[in-house]
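Have a look at the structure below, then the notes.
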Amino acid sequence: MKKMTIYIVCFLLAFVILPAAILITATVSGIGKKYEIVSNAQTDVGSIMIGDGGIDAALMNAGFNGGNSEMKIKVYFSDEDVTREMTLEEYVAGVILGEMRLTFDIEAIKAQAVASRTYTFYKILNGGADDLRHKDGAVICDDYSHCQAWENPEIIFESYPTEQAKEYYNKIMTAVESTKGLVMSYNGEIVQAYYFSNGGGYTESVEDVWDSEAIDYLQSVPSVGDITSESYCTIETFTPEEFKQCLKELKPELAIDSEDIYESIENCEKSESGRVKNMTIGGVVFKGTELRTCLGLRSTNFILRQIDSGEIIAVVFGSGHGVGMSQWGAGVMAASGSTYEEILLHYYQGVEIVNCSSFSLPS
């Protein structure tokens with residue numbers, strides 16, 4: 001009975017109520033036809049030949065100048081506790097592998113390249129080298145919870161059959177080469193190019209996630225393609241005691257009996273996109289981001305319910321903080337024919353795509 005109840009709740013929420021709201025919004029906003037959901041189509045990206053020289057040779061073959069003429073940055077590798085220097089474009093290639101699903105169409109990979117390069121440039125121009133979590137002058141690190149994940153693209157050949165490895169490697173290099181030097185700006189300033197896995201149907205406004213003022217290009221927009229992801233809807237189950245202990249570890253002042261904790265939930269404040277901003281439990285106020293962390297949820301877009309067995313379930317939509325570009329939404333847009341420029345302009349509305357040479361580097 002418990003499993004059946006969970007399945008019914010999840011089915012109604014994931015495949016009836018929320019999708020209907022998303023599709024209505026998409027139709028009203030005029031994006032329904034353009035972002036028709038179709039299966040990902042693989043693109044022929046075999047335009048870059050892979051020789052024996054590794055990533056640097058591949059970048060040069062793709063049209064990069066290489067050598068000292070390329071802008072170089074220092075990257076801190078947290079697990080190894082070491083800082084290494086590499087070209088900006090070599091770094092972007094590694095971020096694509098570390099952060100993006102390579103089964104997506106090439107235009108989505110290009111969008112990721114520009115977003116990652118923009119994120120990096122923001123760090124360069126806004127004190128990344130002074131960050132205490134970086135060392136030896138590094139402007140950025142490979143800790144995905146702090147900056148961006150990074151993997152050497154050459155490891156692809158250790159992880160996939162040869163032909164598939166070549167396809168993925170070439171796709172990365174094509175995305176980097178075809179967007180070389182491109183970043184996003186807004187009113188002449190470098191953009192804070194946040195991105196995440198799956199928005200559950202909508203992205204989130206930055207001020208509703210972090211203690212931040214509103215930023216025009218980081219406002220909630222529909223992300224229709226998210227519904228096709230396996231991470232679109234997930235469920236976490238807790239006994240009342242487990243639920244209480246998770247919350248009490250975060251806020252020890254919580255004092256309520258386990259059997260009463262669900263009934264004590266009140267004053268749930270949600271953002272326009274439906275994510276939890278604040279919720280009072282047992283008389284204690286929790287931020288949505290705090291609940292996401294202590295309960296181990298994929299996003300703050302969740303609904304709490306108590307089922308007949310007494311267990312508390314969290315039905316969660318999407319994966320990630322929700323600010324900026326939804327990678328899964330970008331993948332579906334690309335498969336539907338959108339260019340990387342159209343993808344970026346949808347998720348970061350009002351920005352311009354410019355060459356990074358437009359910005360003066362700190363001395």
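With neighbour counts taken as other beta-carbon atoms within 10 Å, the residues Val75, Val95, Val354 rank, fewest first, as Val354, Val75, Val95. Take every pair of alpha-carbon atoms less than 8 Å apart whose residues are at least six positions apart; their mean separation over the length of segment 91-161 yields a relative contact order of 37 percent.
Using a simple spin-label model with pseudo-atoms 7 Å out from Cα toward Cβ, Leu125 and Arg84 lie 2.8 nm apart.
Counting neighbouring Cβ atoms within 10 Å and putting the fewest first, the residues His346, His146 line up as His146, His346.
Amide H contacts of Ile265: Gly282, each under 5 Å away and 5 or more positions distant or on a separate chain (H built 1.01 Å from N in the peptide plane; Pro and chain starts excluded). Of the peptides 214-225, 109-120, the order by per-residue mean of other Cβ atoms within 10 Å, starting with the highest, comes out as 109-120, 214-225. Ranking of Met325, Met279 by neighbouring Cβ atoms within 10 Å, starting from the fewest: Met279, Met325.
Could you tell me what % of all Cα pairs in segment 248-335 have separations over 14 Å? Value for segment 248-335: 69 percent of Cα pairs lie more than 14 Å apart.
For Gln306 and Ser145, the FRET efficiency from 1/(1 + (r/R0)^6), where r spans their Cβ atoms and R0 equals 30 Å, is about 0.45. Taking amide H atoms as placed 1.01 Å from N in the peptide plane, the amide H of Cys233 lies under 5 Å from those of Gly318, each 5 or more residues away in sequence or on another chain. Compute the distribution of all C-alpha to C-alpha distances in segment 136-289, in bins of 10 Å from 0, and list the percent of pairs in each, rounded to whole numbers. Going out from 0 Å in 10 Å bins, segment 136-289 shows 8, 22, 30, 23, 13, 5 percent. Tell me, rounded to the nearest percent, the portion of alpha carbon pairs in segment 96-214 spaced more than 23 Å apart. Above the 23 Å cut-off, segment 96-214 has 38 percent of its Cα pairs.
Taking packing as the residue-averaged number of other Cβ atoms within 10 angstrom, the listed peptides 257-268, 296-307, 329-340, 191-202 run from highest to lowest as 191-202, 329-340, 296-307, 257-268.
Read the figures in this text as sums done on the coordinates, not as results from a lab. This is a predicted model, so every value here is computed, not measured. Counting neighbours? That spans all protein chains shown, and the Cβs are built from the backbone with ideal geometry, glycine included.
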